[in-house]
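To start, the structure under review is shown below, and the notes come after it.
The values are calculated or read from the model by the stated rules, or taken from the named source; none is laboratory data. Since the structure is predicted, the reported quantities are computational estimates derived from the model, not experimental observations. Cβ sites come from the backbone with ideal geometry, for glycine too, and all protein chains shown count toward neighbours.
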């Protein structure tokens, strides 16, 4: 019995390579791009375990929950970790990175998350990249939540390891991910005796057996359907235009922020400066004395498909997150999200200006 | 290059027949079931052009827009048409059908729409079927908007031609449809020299070349993907349980009606009696002096995926339709629809009780 | 429960129109293109029932089984039919068409099948079109088996109604099809009181309600998955290049013909002249005294996915058809088809030159 | 723009858990089943890195190429490895395993591949399991090439870690895989300080955060499409019946072996005893002096979709592998494979009995 997800002709190596090249074009990079056969956590872990070793000093910038994970991995590898933790309501600055290098000139690896969907901020990678490059450290960037939502230029910015996933602004699958790797990153990993080899975690296996072999034979059967979905979303992005897609995300972020401010009732943007706010998600601080989780639950009871969540862990009671990425980066979804939140706040006895919020959103979209 | 929608192994005749049998089980019918390769308008037209001819007297019950179409087709075929038009705010009764037979004992064909998504009413088919059968007329039922949303029993009710589509309560595809055909309907069609033969409109071709041939060879290549989607939705219905699915629709209708009444502001159920209201859609009369189209537009601006539409044609200014079928027959969607409508009414200066509406919906769901 | 064939966002009118435009580019036509929601028999029937009426004199060129069907439809419509039947082992010539016009100057409609998959021939449409146009008749072409396999230029050739399906050389779905309609064809149909209106068979409905309405609202829910598959195959054709795809079909036909001749054993091309042979299928005459059906059955027992069939109806005992379209238009499939046929012939006691057949195929592919 | 592989509603945790339960039913196991988000190499590596550590003594049974990989991983973990290498033309016996325990009573871990697609043998797991259990060692089984092709009963056989993939006999996707884990395996892994934690390689993460948390929250976004394809193939297996599917594979293996013997020309089964031969693939030794790779290349030139490959690495010149799993475990594919091989051998000047091979295959299928 025929089924559209079964019995497809196998994905050829040439087709796989063509999808890699399409990712490279999206990132405007001439570095090697490896499509990794798992969620983006796989290449992130592969990068750190590949590059870090005893003797490494790593600057780990923490602007959200993933920074914690990166630090754990770095310590697992025996690296000395300099944590640069930044309050979640802001971005890290190039100056802070510069200071870290001044205090620890031995830093030879920097890990950074570009945009944080979880906390709603985004970091100035271009400027930070300049600092990192000046000090000769290897620069790893987690761009899962920024790719296709805001400019991402690993070559121009000196990013050595740039990891992306398709599940946010790209509107694609989560089951495969990708990483671009600079020549010097390959050298660093190859020189690391502790780097994973003959392992599902190994980037080096892909370099030596796939890339250096002329991309003729895959290391193992790929996640074919996820690959085809990745190709389909790349095609859709090319068809909409990357600039148009990024503009749509920027507008959704501006509209959500403006609408939340106009709504009033004590709701406030979690990230102080609009310039530090991520284009994929807007985080809001719940009004004093009001439980964020309850507001979100009430909103979702009314419309369960709205992209509203609370902050994770300790932030659950105070942070409301409005996602607006991929197909949700539209005026209608932003309107509906704020209307639902506003209604929930009204029910909780807060005075809200629903009409003002609507006007602010509309205006942002017309700007 | 492999693509999940291309290069599937052809759908075999046996697989096609198995899907037909699965439709027959859904309808609890022992009649022949033909899956027609087009939208449900195709078998509806095929039934009427197959059964009607000069000399036919047809009782055409009009409870919504499709009745008009059926009447046109019947007249095209040279039939004498007795139109029994019923105001859209109610259902037809078996007594009215009985009266029509009394006035026109020569009636030998009856066409009826079971539930009307467009006008929000549903008709008592079991009772009407008893009348039709007593008079020996052929009975055609358009059950596109009732199948899987409320009981539908063509054999028990004496329906000779029962047409369904999967695109409403079944949550399936619109590109193929199905019709169950009684033995006497086949006889009537076969005896009609004007019935389509060797034609895309012909049911008789399927009888003679497909069914009578033992369902060994299809008449032409089928719409394979639509067939697979139909099979997938049948499977999903079996998994949820048809009773559970129908209950979900009944509750959605009751909740929408109750919520709209509680909302107030002059909004009223279009269909007077709850018992006459369709489980797939609730129609509402806009408050006096307020444009239904404007309320719907405002609501959709806030949340464009809500299943809200205006009435068709002349009803556009006065009728609001809340669809709640398939994946939309949920508490969350009903809540969101009424909240959006209520907000739009508030903006239009009407006094609405949003909290009351919410309570009414919640209560209906708990009943 | 999510399923890739269910719960897709509805296909928008704009998306539908964009697919129509892509079909128009494939046909290099500036005529209106309507994508019809059924197998290609639907628009073929729609064209004939739309254009023919009592008073029409139709020249019906019969080069295969579909000509018979077209003649039936034309007579159903009350047209006077001039049948021009051509032996299946050849093509019709423009001179024969010219003669028909000379004998019946009142001919105002011509129906022709471009390539016949069933009989393996193809007709010189460009030259015939010139004759038809000189006489001012309306020209309908069934191009289902030629589109994407050989040049098809409705505008340049003066074709008024050009019907295609995607299931052969295009490698796409069978559940939707398309027709390009010239301005004068629209006028003829609109002037025909018998043309289907308010009917699944009606092209005019699409003209008046879809095209003339600016392609804003579809007439009914489309066969969405088939539409998406059509789009996917158009994309794949653009990616391979239409010229490359046509060349692949031409080579497959030449190789099959040459290989069959080299195989010997009494096997002969059914179509006498290579120039009259269709690029999608090569028909062969079974050796004298040998049952074609048995040879095909033996071949398929060994390899059931080979694209081998017997001729239809009366031809079943003498004609073997090797299909080589879409994904089967490859050297490997041609090789395998001839090897299997040759083996079956060997088992039947015929002397065959398997190695010669292989060389001939290889050589054709290198030419 | 809608696309069937994009914008699906996210796979819920409950749906994910239901697929795990369906895998558990396939394996008739009451152990925990974890569906791992990558090719089967991921859980295989996860098992070994989870269970092995300095101090471990591992018996590594090598009956094909994967044994080498397992040994590498075990040594990476600091384990002492006792390699039990068995010639590829046979299976390992329980007695050999017993001897290894006698020589190394400290063995506390055993790794075994059930069936080897690459070398065409299969091992008597039930008997070996008895030995392993008697000695109290942990027993890991790679059942990727046996699941659904022959009986696989981890609970009855005392397998502690049973890894499967769907890409062979199951006819499903390769991008996700699964492992059943016994209580004592969990204990061993949890007690291993070197076991991967907070890692893509970690099984323990799934135990602690997914299973022990009541399977409420996934660790990360899953490979949704691969999961749906896995579900679809499980459904298809249930529909065909597991016993019927296994019987189909057994017959395909018997038929291929018998056909190859009947073909003659010096071709011989690579695995000496039929009882040691795997049901998913039959390996053959090329006739003396004939290059296996050339025979395979000639065969594929004629029919590129045949499931023929050469042996890997050093075996490329002498081993021909006929795969017959999933949709290829049919009489037609076996016939075609042997016919193509026979034709290639004939061209190479070997005397082959094509008709004898055909009879042998047919007979095996009728047995």
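Taking the conditions (1) modelled with pLDDT of 95 or more; (2) at negative phi in turn, residue D:2 satisfies each one other than (1).
Do the conditions hold for residue B:49, that is, is it in contact with a helix residue (DSSP H, G or I) (Cβ under 9 Å, 6 or more places away or on another chain), within 13 Å of chain C (Cβ to nearest Cβ) and modelled with pLDDT of 95 or more? In short, yes. Selection of the stretch D:308-320 for residues being in a loop (DSSP other than H, G, I, E, B) and either without any contact (Cβ under 8 Å) to a residue 24 or more places away in the chain or crowded, with 17+ Cβ neighbours inside 10 Å (or both) yields D:311, D:318. On the stretch given as the stretch A:19-45, residues that are in contact (Cβ under 8 Å) with a residue 24 or more places away in the chain and either more than 16 Å from residue A:223 (Cβ to Cβ) or outside the structural domain of residue A:174 (by TED's automatic domain parsing) (or both) total 12. Beta carbons closer than 6 Å, at least 6 apart along the sequence or on distinct chains, never pair a first residue in the stretch A:119-132 that is in the same structural domain as residue A:316 (by TED's automatic domain parsing) and more than 16 Å from residue A:280 (Cα to Cα) with a second that is part of a helix (DSSP H, G or I) and modelled with pLDDT of 95 or more. If you go through the stretch B:327-338 and keep only what is surrounded by 23 or more Cβ atoms within 10 Å (Cβ to Cβ) and at the interface with another protein chain (Cβ under 8 Å from one of its Cβ atoms), you end up with B:333, B:335, B:336.
So that you can scan it fast, the table gives a plain yes or no per residue for (1) assigned to a helix (DSSP H, G or I); (2) at the interface with chain B (Cβ under 10 Å from one of its Cβ atoms); (3) at pLDDT below 95; (4) over 21 Å from the mean Cα position of the chain (by Cα):
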site: A:272; (1), (2), (3), (4): no, no, no, no
site: A:275; (1), (2), (3), (4): yes, no, no, no
site: A:296; (1), (2), (3), (4): yes, no, no, yes
site: A:306; (1), (2), (3), (4): no, yes, yes, no
site: A:322; (1), (2), (3), (4): no, no, no, no
site: A:340; (1), (2), (3), (4): yes, yes, yes, yes
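Filtering the stretch B:347-356 to residues that are within 10 Å of another protein chain (Cβ to nearest Cβ) and touching a residue at least 60 places away in the same chain (Cβ under 8 Å) leaves only B:354. Restricting attention to the stretch D:228-255, which residues are assigned by TED's automatic domain parsing to the domain that holds residue D:38 and touching a strand residue (DSSP E or B) at 6+ places or on another chain (Cβ under 7 Å)? Of everything in the stretch D:228-255, nothing turns out to be assigned by TED's automatic domain parsing to the domain that holds residue D:38 and touching a strand residue (DSSP E or B) at 6+ places or on another chain (Cβ under 7 Å).
When A:5, A:42 are checked against the criterion of being assigned to a helix (DSSP H, G or I) and within 14 Å of chain D (Cβ to nearest Cβ), a single residue qualifies: A:42. Taken together, the residues in the stretch D:78-123 that are out of contact with any helix residue (DSSP H, G or I) (no Cβ under 6 Å at 6 or more places or on another chain), under 22 Å from residue D:269 (Cβ atoms) and surrounded by 17 or more Cβ atoms within 10 Å (Cβ to Cβ) amount to 11. Only one entry in A:23, A:61 is in a helix (DSSP H, G or I), away from chain D (no Cβ under 13 Å) and surrounded by 20 or more Cβ atoms within 10 Å (Cβ to Cβ), namely A:23. Exactly one residue among A:161, A:153 is within 16 Å of the chain's Cα centre (by Cα), over 27 Å from residue D:68 (Cα atoms), more than 14 Å from chain D (Cβ to nearest Cβ) and surrounded by fewer than 16 Cβ atoms within 10 Å (Cβ to Cβ), and that residue is A:153. Mind checking whether some residue in the stretch D:66-75 is closer than 19 Å to residue D:199 by Cβ, more than 11 Å from chain A (Cβ to nearest Cβ) and not in a helix (DSSP H, G or I)? Looking through the stretch D:66-75, none of the residues is closer than 19 Å to residue D:199 by Cβ, more than 11 Å from chain A (Cβ to nearest Cβ) and not in a helix (DSSP H, G or I).
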